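**Student:** Here's a structure for you.
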Amino acid sequence: MTLIRTPPGWHLPEHAVTPETAYLNRRQMLRSIVGMGLGVVGLPAIAGCQQSVRSQAAAHAQLAATLNTPSLEPYQVNPRFAAVDRPTTDRTLAGQYNNYYEFGSGKSVWQAAQKLPTDPWSVEVTGLVKYPRTYTLEDLLHTFPLEERVYRFRCVEAWSMVLPWLGFPMRALLTQVEPTPAAKFVRFTAFYDPQLMGGLFASLYPWPYTEGLRLEEMANELAFFAVGLYGKRLPKQHGAPLRMVLPWKYGFKGAKAIVRIEFVATEPKTFWHTVQPNEYGFLANVEPDVPHPRWSQKTERFISTGPGLSWEKRPTLLYNGYANWVSDLYPR
Ligand code: MTE
């Protein structure tokens, strides 16, 4: 595959490079002008004119509709992951602060992402497995009991959230398809349709978005497939209808809208690693003492409650606080 050196949009000052205070001041100024929260950013409201207030209200209603997906009840709350050491992030904030490059390189991709066609949906499980199989979304929902897990979520850009995912452990899928002894890695491929997904620089990126794990990482108790969030089916901006959740790794490892899972013998090429191998490693574990080449990873900006965007600076935890589960995978 050709190596394409295109800086990801997270090089943009909005969310990584701008000093936090300048960024916050700009946000606070916008907020005080229109008296609304994060939702105002990127929307056409600067002066207090009625027109823009109306479009703000319309956008908020539209955002709420994208989050109001069908309920996934009944499900169990997994008591081992019922809470973490900080509050759950506000649903409306999480639903409008996303990374989804198929639909654009900014954070406000929630509207564009509504173009994602999710029905019907199927996921092909193939490669070095005893029982290859294609699952429809309904098959997945009927085969695997759903559970809720509250996980810390840490982006490589040094912001973080806490999210209540709904889904099933990846190891449950392994039990069904039985990888052969030759299988050492797993490649995950996201849905891609160039007609629908015209994100900025779209033609320069090595689509489709792919990610990879070592087989033993996929078998770890924490590795999770999400079909829902906040008790409901996954909103499209979060990667409906099926995405990966790996709480000890940086968020880019959690590919959205998965359509293919392939068991392979050698380390697969992955999207960001192909784009910028010196910045985005294959393992991509959260490690405070391993800086990104352009910024420190020692602290993070935790996004928690609404109505507006507010950051709380916190120390980054080794493996995002999940060392007890995963440190055996990475002898130091
Ligand atoms: N999956 C796909 N298909 N496309 C993407 O651009 N971005 C990744 C990850 N999964 C991405 C993706 C990155 S960089 C992050 S931080 C998380 O999704 C963001 O997930 P969220 O928008 O649900 O918070």
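**Student:** State all residues of region 279-309 that are open to solvent by 40 Å² or more (accessible area, probe 1.4 Å), in contact (Cβ under 8 Å) with a residue 12 or more places away in the chain, in a loop (DSSP other than H, G, I, E, B) and among the β-branched types (Val, Ile, Thr); if no residue qualifies, say none.
**Tutor:** 305
**Student:** Given the criterion open to solvent by 20 Å² or more (accessible area, probe 1.4 Å), in the same structural domain as residue 117 (by TED's automatic domain parsing), of a type in the set (D, E, K, R) and under 25 Å from residue 196 (Cα atoms), identify the matching residue among 253, 269. Step through it out loud before you land on a result.
**Tutor:** Details: 253 fails: open to solvent by 20 Å² or more (accessible area, probe 1.4 Å).
Of the residues listed, the single one that is open to solvent by 20 Å² or more (accessible area, probe 1.4 Å), in the same structural domain as residue 117 (by TED's automatic domain parsing), of a type in the set (D, E, K, R) and under 25 Å from residue 196 (Cα atoms) is 269.
**Student:** Count, please, the residues in region 237-259 that happen to be part of a strand (DSSP E or B) and away from the ligand (no atom under 12 Å from the Cβ).
**Tutor:** 0
**Student:** Another question about this same structure. Here are some residues: 71, 105. Which one is within 16 Å of the ligand (Cβ to nearest atom) and either more than 18 Å from residue 257 (Cβ to Cβ) or among the hydroxyl-bearing types (Ser, Thr, Tyr) (or both)?
**Tutor:** Working: 71 fails: within 16 Å of the ligand (Cβ to nearest atom).
Only one candidate passes the filter, namely 105.
**Student:** Separate question: Do we have residue 263 as in a strand (DSSP E or B), more than 18 Å from residue 152 (Cβ to Cβ) and not β-branched (Val, Ile, Thr) here?
**Tutor:** Numbers: in a strand (DSSP E or B): yes; more than 18 Å from residue 152 (Cβ to Cβ): yes; not β-branched (Val, Ile, Thr): yes.
For residue 263, the condition - in a strand (DSSP E or B), more than 18 Å from residue 152 (Cβ to Cβ) and not β-branched (Val, Ile, Thr) - is met.
**Student:** May I ask you to list the residues in region 113-126 that are within 12 Å of the ligand (Cβ to nearest atom) and either farther than 14 Å from residue 256 by Cα or outside any loop (DSSP other than H, G, I, E, B) (or both)? I'd like the intermediate steps shown before the answer.
**Tutor:** Just the residues of region 113-126 that are within 12 Å of the ligand (Cβ to nearest atom), to begin with: 113, 116.
The one that is within 12 Å of the ligand (Cβ to nearest atom) and either farther than 14 Å from residue 256 by Cα or outside any loop (DSSP other than H, G, I, E, B) (or both): 113.
**Student:** How many residues does region 131-189 contain that are of a type outside the set (D, E, K, R), in a strand (DSSP E or B) and either within 16 Å of the ligand (Cβ to nearest atom) or buried (at least 17 other Cβ atoms within 10 Å of the Cβ) (or both)? Give the derivation first.
**Tutor:** Here is the first cut: in region 131-189, the ones of a type outside the set (D, E, K, R) are 131-132, 134-137, 140-146, 150-151, 153, 155-156, 158-170, 172-177, 179-183, 185-186, 188-189.
From the residues that got through so far, the ones that are in a strand (DSSP E or B) too are 134-136, 150-151, 153, 159-169, 179, 185-186, 188-189.
Applying the additional criterion that residues be either within 16 Å of the ligand (Cβ to nearest atom) or buried (at least 17 other Cβ atoms within 10 Å of the Cβ) (or both) yields 135, 150-151, 153, 159-169, 179, 185-186, 188-189.
Residues in region 131-189 being of a type outside the set (D, E, K, R), in a strand (DSSP E or B) and either within 16 Å of the ligand (Cβ to nearest atom) or buried (at least 17 other Cβ atoms within 10 Å of the Cβ) (or both): 20 in total.
**Student:** List pairs: first in region 316-332 and closer than 12 Å to residue 220 by Cβ, second crowded, with 16+ Cβ neighbours inside 10 Å and of a type in the set (S, T, N, Q), Cβ under 9 Å, 6+ apart or cross-chain?
**Tutor:** Matching pairs, first to second residue: 319/285; 325/220; 326/220; 326/285; 329/220; 329/285; 330/285.
**Student:** Something else now. Being open to solvent by less than 70 Å² (accessible area, probe 1.4 Å), acidic (Asp, Glu), out of contact with any Asp or Glu (no Cβ under 9 Å at 6 or more places or on another chain) and assigned by TED's automatic domain parsing to the domain that holds residue 233 is the requirement here; does residue 211 meet it? Show your work before the answer.
**Tutor:** On the way: open to solvent by less than 70 Å² (accessible area, probe 1.4 Å): yes; acidic (Asp, Glu): yes; out of contact with any Asp or Glu (no Cβ under 9 Å at 6 or more places or on another chain): yes; assigned by TED's automatic domain parsing to the domain that holds residue 233: yes.
Against the criterion (open to solvent by less than 70 Å² (accessible area, probe 1.4 Å), acidic (Asp, Glu), out of contact with any Asp or Glu (no Cβ under 9 Å at 6 or more places or on another chain) and assigned by TED's automatic domain parsing to the domain that holds residue 233), residue 211 qualifies.
The values are calculated or read from the model by the stated rules, or taken from the named source; none is laboratory data. Nothing here was measured: the structure is a model prediction, and the numbers come from that model. Don't worry about glycine lacking a Cβ; one is built from the backbone with ideal geometry, like all the others, and counts go over all protein chains shown. All accessible areas refer to the heavy atoms of the entire protein, side chains included, with ligands and DNA or RNA removed. Shrake-Rupley method; radii C 1.70, N 1.55, O 1.52, S 1.80 Å.
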